[in-house]
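Here the structure is laid out as structure tokens; the discussion comes afterwards.
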Amino acid sequence: MSVALSITPRRWADKLCRKAERIANHRSAMGFVFLLELVGSTIIPLPNALVMVALVTSAPRKWVRFGLSATLGSIFGGIALYIIGRLFFQSYGESLLAYYGATEGWGG
């Protein structure tokens, strides 16, 4: 019971703020944001906006750099998904269309 009473929302928020400040002031924070957006837009959806809010409130002077890193990560993630889709269609998609007899209705 004493463990549950020692974890208060205020202590949790203070600890989270200290960790966000440490991450935001790290020299590779922009790379972290870039990779987070890249993974979030290609593999699994991640709550990137929550991380961005914590980082920007921790280091408000770096908001443009964080935003640019997130934008570039999202763009490169979209390009990676496009390339993966093209390769998938060339290797498996055309054979699936031929298997189901849908090549006549396909415009590509």
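The values are calculated or read from the model by the stated rules, or taken from the named source; none is laboratory data. Everything numeric in this text was worked out from a predicted model, so none of it was measured. Protein only, heavy atoms only, side chains kept; ligands, DNA and RNA dropped before computing areas. Shrake-Rupley method; radii C 1.70, N 1.55, O 1.52, S 1.80 Å.
Once both axes come from the Cα atoms, what is the angle between helix 63-88 and the longest principal axis of the chain, in degrees from 0 to 90, rounded to 10?
Tilt relative to the chain: about 30 degrees.
Roughly what angle does helix 29-42 make with the longest principal axis of the chain, taking Cα atoms, 0 to 90 degrees, to the nearest 10?
40 degrees
Accessible area of the chain with a 1.4 Å probe: how many percent of it is carbon plus sulfur?
Working: 5770 of 8430 Å².
In the chain, the share of accessible area belonging to carbon and sulfur is 68 percent.
Quick check: from the Cα gyration tensor, does the stretch 1-68 come out rounded (a/c under 1.5), prolate or oblate?
Working: a/c = 2.91, a/b = 1.65, b/c = 1.76.
It is oblate, given that a/c is not under 1.5 and a/b is not larger than b/c.
Kindly report the accessible area of the chain per residue (heavy atoms of protein chains, probe 1.4 Å, no ligands, DNA or RNA), in Å².
Numbers: 8430 Å² over 108 residues.
Result: 78 Å² of accessible area for each residue.
Keeping all protein chains in place and using 1.4 angstrom, which order do 42, 57, 71 fall into by accessible surface area, from largest down? Write down the numbers at each step before the final one.
Details: 42 40, 57 105, 71 75 Å².
Per-residue accessible area, sorted high to low, gives 57, 71, 42.
Probe 1.4 Å, all protein chains in place: accessible area of residue 37 in Å², nearest 10?
Its heavy atoms expose roughly 30 Å² to the probe.
Using just the helices of the chain, give the 222 nm mean residue ellipticity in deg cm²/dmol: DSSP H runs with n ≥ 4 each add -39,500 (n - 2.57), and the total is spread over all residues, rounded to 500.
Numbers: 6 runs with 79 residues, N = 108.
After summing the helix terms and dividing by residue count, I get -23500 deg cm²/dmol.
Pairing the Cα long axis of helix 48-58 with the longest principal axis of the chain, what angle in degrees results, from 0 to 90 and rounded to the nearest 10?
In the chain, helix 48-58 runs at an angle near 30 degrees to the longest axis.
Give me the percent relative contact order of the chain, please, defined on Cα pairs under 8 angstrom at least 6 residues apart. It would help to have the intermediate numbers written out before the result.
Values: 65 pairs, mean separation 29.5, N = 108.
Across the chain, relative contact order equals 27 percent.
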